[in-house]
1. Looking at this structure, is I144 over 13 Å from the mean Cα position of the chain (by Cα) and over 21 Å from E117 (Cα atoms)?
2. Does D356 fit the bill of being more than 14 Å from L175 (Cα to Cα) and surrounded by fewer than 23 Cβ atoms within 10 Å (Cβ to Cβ)?
3. So which residues in region 65-117 are surrounded by fewer than 18 Cβ atoms within 10 Å (Cβ to Cβ), free of Cβ contacts under 8 Å to residues at least 60 places away in the same chain and among the β-branched types (V, I, T), if there are any at all?
4. Quickly run through region 179-202 and pick out the residues that are within 12 Å of the ligand (Cβ to nearest atom) and of a type outside the set (F, W, Y).
5. What are the residues in region 359-370 that are within 27 Å of I144 (Cβ to Cβ) and either more than 16 Å from the ligand (Cβ to nearest atom) or surrounded by fewer than 18 Cβ atoms within 10 Å (Cβ to Cβ) (or both), if any?
6. Which one of these does V140 not meet: (1) in contact (Cβ under 8 Å) with a residue 24 or more places away in the chain; (2) more than 24 Å from T335 (Cα to Cα); (3) more than 16 Å from the ligand (Cβ to nearest atom)?
7. Given the criterion touching a Lys or Arg at 6+ places or on another chain (Cβ under 9 Å) and either polar (S, T, N, Q) or more than 27 Å from I130 (Cα to Cα) (or both), identify the matching residue among H273, H266.
8. Return the residues of region 31-50 that are outside any helix (DSSP H, G or I) and within 16 Å of the ligand (Cβ to nearest atom); say none if nothing qualifies.
Amino acid sequence: MSPRVDAIRKAFPALRRQHNGHPVAYFDGPGGTQVPQIVVDRMGDYLLHHNANTHWVYPTSIETDDALLAARRAAALFLNCDPAEVAFGANMTTMTFHLARGIGRALDSGHNIVITELDHHANVAPWQAIARDRGIELRVARMIPHTGLLDIDHLASLIDGHTGLVAVGAASNALGTVNPVRTIADLAHQNGALVFVDAVHYAPHFLPDVRDLDCDFLACSAYKFYGPHVGILYGRRKTLSSVDIPKLEPAPDDVPERVETGTLNHEGIIGTHAAIDFLASIGAEAGQATSRASLEASFAFLHSEATALTGRLWKGLRELDSVSVFGPSPDLQRTPTVACTVHGLTSDEVCRQLADEGIFASNGDFYAQTVVERLGVEGLVRIGCACYTTGEEVDRVVDGVRRLANGRR
Ligand SMILES: Cc1ncc(COP(=O)(O)O)c(C=O)c1O
């Protein structure tokens, strides 16, 4: 294990957990990562010493305003945008439903919306709902089951001058596929359509860059990148200012507050800031402040680790008889999330037996329901590496799957 990964692991109290006499190996990051001590400390400090509602004149309220602004600035560094373009909320799903209502008010039966088969249903259902409410045509871009890639030619053929919005995932939470978002955004913009990006599974593995992706909206969730349960929505300032989003009359109409309903999860937002600082600290010199450069250095390190782990996991699983492995091969741009099935066992049975050995992996469809349908499987075993995953843990999960597969032969 590299000294850097060793240092990262020490930050996570959850990694000290044992189950049935085995140290727990967490491969459930795509469902939600573990949380470093610093995140919990900063949340606790806020709640115990600074807790108040916003915009009043006494110290705890002023401290709350300052802390929320600092968190917004950190999230803006993380996404490469202006702090006024960052809204916080309950989670990606809730924020996307909310935004979709606003976007839908500007569309009608003369428009279409393009979504994809590869997406988590949080990037499907909100668009289905406005399509139904507003009589908008919904067009669905195909995935290619044997590669786990999006059929870009098919997607391109669906976009035309009547497309109001293209909603696409930056990365598949089921298969680890990374989509060419910039190419898709260019296609959409050439046709006058808006682009909404679900970066929930992308953000833990690739530093988002909304300017480079050239998207109009992008959503992610801090609990997938070592933070608490908070959703983050980027909106291009001009679009965010004008979208006809439901809001309370007395609430501010400025960006980003016009998108944030009610009182926010202050401690969660402060924990999100701490998670971004934690990520930045991986690549920074000791004591260096969080900056785009330190985040870039961290993600470069995380990416090289993830590439090595994915190769090891992929090779190990592919060598097993009675095991099918899905998604893009490791030589393609992908996240370190690998899905497989063990012939003759359900994904639930596999994950229960792995759990008995202290290996925590997730089963089912992970709300990427269409992906599982198109693969024609009952469910998937999803093995997701995170910043704290080691090569030894990857070998443990491969050995565990091997034993299950051998038992079935
Ligand atoms: C790719 C992807 N999109 C969206 C979501 C939904 O995110 P949230 O739980 O923040 O609503 C998830 C959650 O697993 C996800 O993996």
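1. no
2. Values: more than 14 Å from L175 (Cα to Cα): yes; surrounded by fewer than 23 Cβ atoms within 10 Å (Cβ to Cβ): yes.
When the stated conditions are applied, D356 passes them.
3. Of everything in region 65-117, nothing turns out to be surrounded by fewer than 18 Cβ atoms within 10 Å (Cβ to Cβ), free of Cβ contacts under 8 Å to residues at least 60 places away in the same chain and among the β-branched types (V, I, T).
4. Passing the criteria: N179, V197, D198, A199, V200, H201.
5. Of all residues in region 359-370, those within 27 Å of I144 (Cβ to Cβ) come to 361-370.
The one that is within 27 Å of I144 (Cβ to Cβ) and either more than 16 Å from the ligand (Cβ to nearest atom) or surrounded by fewer than 18 Cβ atoms within 10 Å (Cβ to Cβ) (or both): Q369.
6. (2)
7. Numbers: H266 fails: touching a Lys or Arg at 6+ places or on another chain (Cβ under 9 Å).
Checking each option against the conditions leaves just H273.
8. If the condition is that a residue be outside any helix (DSSP H, G or I) and within 16 Å of the ligand (Cβ to nearest atom), then G32, T33, Q34, V35 are the ones that fit.
The values are calculated or read from the model by the stated rules, or taken from the named source; none is laboratory data. From a predicted model like this one, the values you see are computed outputs, not experimental measurements. Heads up, the Cβs are rebuilt from the backbone with ideal geometry, glycines too, and the neighbour counts pull from every protein chain shown.
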